[in-house]
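Novice: This is the structure, below, for whatever I ask next.
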Amino acid sequence: MMRAAKARLAGLRWLRLGLETYVSLPLFTLLLLGVIWGAGFHFIGNDRMAAQAAARDSVQELMETYEAQVVRNLNGIDQTLKVIKYAVERKGASGALPELAEQGLLPPGVVFAVSIADGDGRIVASSPHSAMHSVAGERYFSAHRDSRADSVYTSETMRDAARDEWHMHFTRRLNDRDGKFAGIAILEVDPTYFTSGYERSRQGDLGMVAIVGSDSVARSVRIGEHNSWGQRIDLALWRHPAAQPWPGRLDGVRRYTAARTLRSYGLTVLVGLAETEQLAAFEQQRRKYLWEAGLASAGTVFVMALLWAWSWQGAKARRRIRRAQETYAAASEANLDAFFVLRAVRDAAGVIVDFRIASANSRAEQMTGRSKEDLRSHTLCQWLPQARSNGMFARLAQIMAAGGTHQEEWRNEMPEFKAEWMYWQIVGVEGGLVAIVRDISERKRDEARIVHMAHHDTLTGLPNRSLIGDRLEQAILLAEREKHQLLVAFVDLDSFKLVNDSLGHAAGDELLKVVAGRMVDCLRRSDTVGRFGGDEFVLVLPQPQGIDSGGIEAAALLEKILAAVVRPVALEGQEVQVSCSIGVAMYPRDGGDGGTLLMNADAAMYRAKELGKNNVQFYAQEMNASLEEKLALMEGLRKAVDDDQLRLVYQPKVDLASGAVFGVEALLRWHHPERGMVRPDHFIPLAEESGSIVAIGEWVLREACRQARRWQDAGLPPMVVSVNVSPRQFDDRRLVARVADALRDAGLEARWLELEVTESLIMRDVQQAVDKMRELEAMGIALSIDDFGTGYSSLAALKSFPISRLKIDKSFVRDLAHSPDDQAIARAIISLSHQLQMRVIAEGVETELQRAFLVQYGCDEMQGYLFSRPVPPDEIPALLAAPAAAA
Ligand SMILES: Nc1nc2c(ncn2[C@@H]2O[C@@H]3COP(=O)(O)O[C@H]4[C@@H](O)[C@H](n5cnc6c(=O)[nH]c(N)nc65)O[C@@H]4COP(=O)(O)O[C@H]3[C@H]2O)c(=O)[nH]1
C-alpha cells in the first residue's frame, strides 16, 4: 500500500514537473527539430532518389541516342566502304574513286579519307589525294588478307603514315573476279567524329562518350572537351555497371554509366554522366533544404529559447511565490499569533465595502473557534457584524488607504474572539491587509498583577506604603477642594513581636492577615486601610462622618477597630489575643501634607502605647516632644556606660517556706545627668532598639558578679545573684564567653550567678536557645524564665530547656486576690513547674493576700515590695540580717 502510494506520488511529481513549461518546452523543441530535420532529410532523400533516377534515365537516354548516332555513322561508313568495294571490283582501283566522287558517293574529304590499297598493300588510290605509301604492315591489311570474311574491320585509332594524324581505319576486303584477295578499301575517320555529338548542355563538363573495341582499347573517348583514345577500358566492368555511380577508372570521376555492344562492328559504345553534374541541382536543392532546416531549427531554437527563458522566469517566480507561500504557511502555522489575510472587497466605484478572509492559520482557528474553511467562507463583516459599529471596519479601511504598518492593543468585547486583551499588527499589502493578532490577556493580567504588587502588600493584599502615600495625597486634594476634614490613623499591633517570636513567622503572618481583614470589614469602600510595614497599618478616612461634631463617630469607628483586633485569633491550635494602639491625626488641623499627617499619627500612636496600649489617641502637639525625647535618650544611652551613669539595685528573693533571703535580682538604674533617675522600662527598650544594650548588659553582668563577690568577701552568706538578659544580649555570639570572663574577673563561682531570660526570647528559635542555655548550664550557671505566662511556650519545648526556675509574671500576681483567671494561671504555672522539676518564684508580691495564696498553692519563692523594694547594694547586708519573714 505504502509503496503504491509512494509510486503514485512520485508519478504525480513527475507529471507536475513535466507539465512545467520549462521542462516540456525543451522536449517540444527537440520534437520540432526532429520534425524539421526528419522532413528535411525525407525531402532530401526523395529528391536524391528522384535525381538519381533522373540521372539513370538520362544516361540510358543518352545511351540510346549515342548508340543510334554511332550505329548510323558506322552504317554510313560501312555503306561507303561497300560502294567503294563494289566500284573498285567493278572498275578497278584507279577509276573507282573519281567516278564515285563524280557521282557524289564519296563522303566529304574534310572528315573522311578514302584510299584503296592493292593486294600488296600499296595505296593505289586515295581521296583526298595522299602520298603513296604502303599499309602492308598494318593489322587491318593482314586481317583482310588472311581472312575471306566480308565484314568491316575497325582498326585501333592510330597515326596514319601518310598524313601523320590519328585516325580510325574502317576497312573492307577487295576481291578480284576470282574471289581472291585484291587489296582493301580504307576509310579513315577522325576519332572525334564519333564523339562530336557530345552535347555540353546535356552532358556537362564531365560527361563521357566513348567507343571501345572488342579488344578493350578505346577508339575514341570524349570527356567534356577533352578527346583521347588508345587507353584500355575493362569492358567487363562497364557492361554490368552498378545502379549507382562509380569511378570508372578513367579519371576517377564518379559517373552514371551505360554500355552497348555493337556486335557487327566489334565495338562497344560507352556513355557516362558525372554524378556531381547530374546531382548538381539536387545538391543545390539539398543544400537549400539543409539551409532551410538549419534556419528553421535556429528559428525554432531561438523562439523556444525565448519562450523557455520566459517560462523559466515564470517558473522561478512561481517557485519563489510557492516557497514564499509555503514559508509563510509554515511560519504562520508555527506562530503563536493568529494570522488573517484580508482581501479588500470593493464596489463598482472602487470603494472598500468589506474584506474577504483569504487565509488564516491554526492559531486563528484556536482564537476564534472556527475552522479555516469556515473563516474563508466569510467576509469580515459577515463574521463580525459589529465590526461596522465598533469602528474596526473603518479603521481597517483607513489603514488600507494609508498603507504601512499599524499596531495597537485593545480590550476585546467581541465574543467571536476568545481573548480578553488583544494586540494586532496590520500590514497593508497589495489588494488587502495582513492582520497579525495576538492574545495578550495573560500579559495584561501579569502587568496588572505587577502593578498591583507594586502597590499592594503581598501578605495582606492591602495597599502598601507607596499606594497609601498616593491615596493620602488624593484624599488631601479632595478634602482641600471639598473643604472637608480627613482622618489619618496609625495602627500598631501590641505584642505582635511576642507572637512572632514565640509562634514563628508563619503564625505572625496569619495574625496580620486576620487583623487586616477585620479592619477592612470595619471600614467603608471609600476608606483606605493599608499596611505600612511590619505590624503597622494606616487608615485614611476621607470625609469622616462626624468629625466636625467632635469626632464622636470617628472615635466609635476606631473603637470598633480596637474591639475587632482584640478578638481572639486561632493560631497553631491555640487562641492568641493581640490588641492595637491607634494614633490619629486630622487634616488640616494636624498637618497639611501626607508626610506630616503620618508622622503626627505615628506620634499619637506612640502615646497610645505609653498609655497602656489598646487605646486610641488623637494627636496633640506636645507628642512630638516625646519623640524628640526618645531620640535624646537613645543618644544619652550610648554614653551612659562610659560616663558611669548606671547603677544596679538589688531586690531580694525570699524562700516562701523559710522566709529567708536566698538571692537577689540585679535591676538596672540610669542616673541621667539632667533628667535624674530614668526607669528601666523607659530606657531598656531604647537600648535594645539602638543596640547599646549589649554593652550595657555586659556592664550589668560584670557589676553584679563583682558585687556578689564583694558581699561574699564581706562575710555575708553566699547567695545567688540574678541578672536579666535581653534578646539582643542573648543573640550575641560571645554571650557565653562574656559570662565566663565576668565570673573569672570577679572571682565568683558560677553557681552564684543566675541568668533570667524571657519566655518569648527563647521561643524565637528554640533549638538555638537550648544549645546556648546548655552551654551556660554546663558552666554551672542557673537559668530561669522571667515573665512566665505572657508568652506561648509549648510544654514540649519547655521540657527540653535546662531551666531551674520559672518566674510568674507580676501581671498575674497583681490581681491574684480577685481574679479567678489569674489565680488559675498562677496555680497552673506552679503545678507545671513542679511537674517539670523546677522551682517557681512569683514576682511583684505586694500583699499578704497574694503571699498567702502563693503559699497555699505551693509556690516556692517570692519577690516583691511586700518583702523589699529593689535597694542599693549596701542595704543588702541589713536585709539579710533582718528576721526571716516566715510563711
Ligand atoms: N509593681 C511592683 N513592681 C515590683 C515589685 N517588686 C518588684 N517590682 C519591679 O518589678 C520589676 C522586676 O523586674 P522584671 O520583671 O525583670 O522587669 C525588669 C526587666 O525586665 C528590666 N530590667 C531591669 N534591669 C535590667 C537589666 O539589668 N537588664 C535587662 N535586660 N533588663 C532589665 O526592666 C524591668 C523593670 O525593672 P524595674 O523597674 O526595676 O522593675 C522591677 C521591679 O522594681 C512589686 O511588688 N510591685
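Novice: Determine the pairs where a residue that is within 26 Å of V720 (Cβ to Cβ), located within region 805-828, has a partner that is part of a helix (DSSP H, G or I) and within 13 Å of the ligand (Cβ to nearest atom) with Cβ atoms under 6 Å apart, the partner being 6 or more residues away or on another chain.
Specialist: Qualifying pairs under 6 Å: V813/Q850; L816/Q850; I825/F812; A826/F812.
Novice: Out of G612, G595, report the one residue that is free of Cβ contacts under 8 Å to residues at least 24 places away in the same chain, outside any strand (DSSP E or B), surrounded by fewer than 22 Cβ atoms within 10 Å (Cβ to Cβ) and within 16 Å of the ligand (Cβ to nearest atom).
Specialist: Result: G612 is the single residue among G612, G595 that is free of Cβ contacts under 8 Å to residues at least 24 places away in the same chain, outside any strand (DSSP E or B), surrounded by fewer than 22 Cβ atoms within 10 Å (Cβ to Cβ) and within 16 Å of the ligand (Cβ to nearest atom).
Novice: Select the strands (runs of 3 or more DSSP E) contained entirely in region 644-689, then report the ones holding at least 3 residues which are touching a residue at least 40 places away in the same chain (Cβ under 8 Å), under 60 Å from the mean Cα position of the chain (by Cα) and within 7 Å of the ligand (Cβ to nearest atom).
Specialist: Passing ranges: none, list empty.
Novice: Out of R710, R706, R751, R702, I need the residue that is surrounded by fewer than 20 Cβ atoms within 10 Å (Cβ to Cβ), within 12 Å of the ligand (Cβ to nearest atom) and at pLDDT 95 or above. Which one?
Specialist: That would be R702, the only listed residue that is surrounded by fewer than 20 Cβ atoms within 10 Å (Cβ to Cβ), within 12 Å of the ligand (Cβ to nearest atom) and at pLDDT 95 or above.
Novice: Another question, if that's okay. Which pairs have Cβ atoms under 7 Å, sit 6 or more apart or on different chains, and link a residue in region 709-727 that is farther than 18 Å from Q863 by Cβ to one that is open to solvent by 50 Å² or more (accessible area, probe 1.4 Å) and in a loop (DSSP other than H, G, I, E, B)?
Specialist: Q712/P718
Novice: Follow-up question, since we're still on this one. Go through V135, V114, V124 for me and flag whichever is open to solvent by 40 Å² or more (accessible area, probe 1.4 Å) and of a type in the set (A, V, I, L, M, F, W, C).
Specialist: Just one listed residue meets the conditions, V124.
Novice: A further question follows. Would you mind listing the strands (runs of 3 or more DSSP E) fully within region 258-374 where at least 1 residues are under 45 Å from the mean Cα position of the chain (by Cα)?
Specialist: Counting at least 1 such residues, we get 338-346, 352-360.
Novice: Exactly one condition in (1) at pLDDT 90 or above; (2) within 16 Å of the ligand (Cβ to nearest atom); (3) under 28 Å from L646 (Cβ atoms) is false for S811; which is it?
Specialist: (1)
Novice: For S804, indicate whether it is more than 14 Å from the ligand (Cβ to nearest atom), at pLDDT below 90 and polar (S, T, N, Q).
Specialist: In short, no.
Novice: Only one of (1) out of contact with any Phe, Trp or Tyr (no Cβ under 8 Å at 6 or more places or on another chain); (2) crowded, with 20+ Cβ neighbours inside 10 Å fails for D470. Which number is that?
Specialist: Failed condition: (2).
Novice: Got a sec? Which of E283, E326, E333 is among the acidic types (D, E) and surrounded by 14 or more Cβ atoms within 10 Å (Cβ to Cβ)?
Specialist: The unique qualifying residue is E283.
Novice: Shifting gears a bit: Can you tell me which of (1) assigned to a loop (DSSP other than H, G, I, E, B); (2) more than 10 Å from the ligand (Cβ to nearest atom); (3) under 28 Å from R647 (Cβ atoms); (4) modelled with pLDDT of 90 or more is the one I876 doesn't meet?
Specialist: (1)
Novice: Also: Looking at region 57-72, can you tell me whether even one residue there is closer than 20 Å to E188 by Cβ and out of contact with any helix residue (DSSP H, G or I) (no Cβ under 9 Å at 6 or more places or on another chain)?
Specialist: Yes, the conditions are met somewhere in region 57-72.
Novice: Having 3 or more residues that are without any contact (Cβ under 8 Å) to a residue 24 or more places away in the chain and within 26 Å of A331 (Cα to Cα) is the bar; report the strands (runs of 3 or more DSSP E) wholly within region 386-442 that clear it.
Specialist: Here the list reads 405-411, 421-429.
Novice: Still on this model: Could you tell me which residue of region 454-465 is surrounded by the fewest Cβ atoms within 10 Å (Cβ to Cβ), considering only residues that are under 15 Å from E536 (Cα atoms) and within 42 Å of the chain's Cα centre (by Cα)?
Specialist: My answer is T458.
Novice: List every residue pair whose Cβ atoms lie under 7 Å apart, where the two residues are 6 or more positions apart in sequence or sit on different chains, the first residue falls within region 857-874 and is touching a residue at least 40 places away in the same chain (Cβ under 8 Å), and the second residue, located anywhere, is among the aromatic types (F, W, Y).
Specialist: Between residues of region 857-874 that are touching a residue at least 40 places away in the same chain (Cβ under 8 Å) and residues that are among the aromatic types (F, W, Y), the close pairs are P870/Y650; V871/Y650; P873/Y650.
To keep it simple, each residue is scored yes or no on (1) more than 27 Å from V569 (Cα to Cα); (2) at pLDDT 90 or above; (3) open to solvent by 10 Å² or more (accessible area, probe 1.4 Å); (4) away from the ligand (no atom under 14 Å from the Cβ).
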| site | (1), (2), (3), (4) |
| --- | --- |
| L761 | no, no, no, no |
| T790 | no, no, yes, no |
| K799 | no, no, yes, yes |
| S819 | no, no, yes, yes |
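Novice: Among the residues of region 715-735 satisfying the criterion of being open to solvent by less than 20 Å² (accessible area, probe 1.4 Å) and farther than 19 Å from P680 by Cβ, which is farthest from the ligand (Cβ to nearest atom)?
Specialist: M719
The values are calculated or read from the model by the stated rules, or taken from the named source; none is laboratory data. Just so it is clear, the structure is predicted and the values come from calculations on it, not from any experiment. Cβ coordinates were reconstructed from backbone atoms using ideal geometry, including for glycine residues, and neighbour counts include every protein chain displayed. The area values use the complete protein model at the heavy-atom level, side chains included, leaving out ligands, DNA and RNA. Shrake-Rupley method; radii C 1.70, N 1.55, O 1.52, S 1.80 Å.
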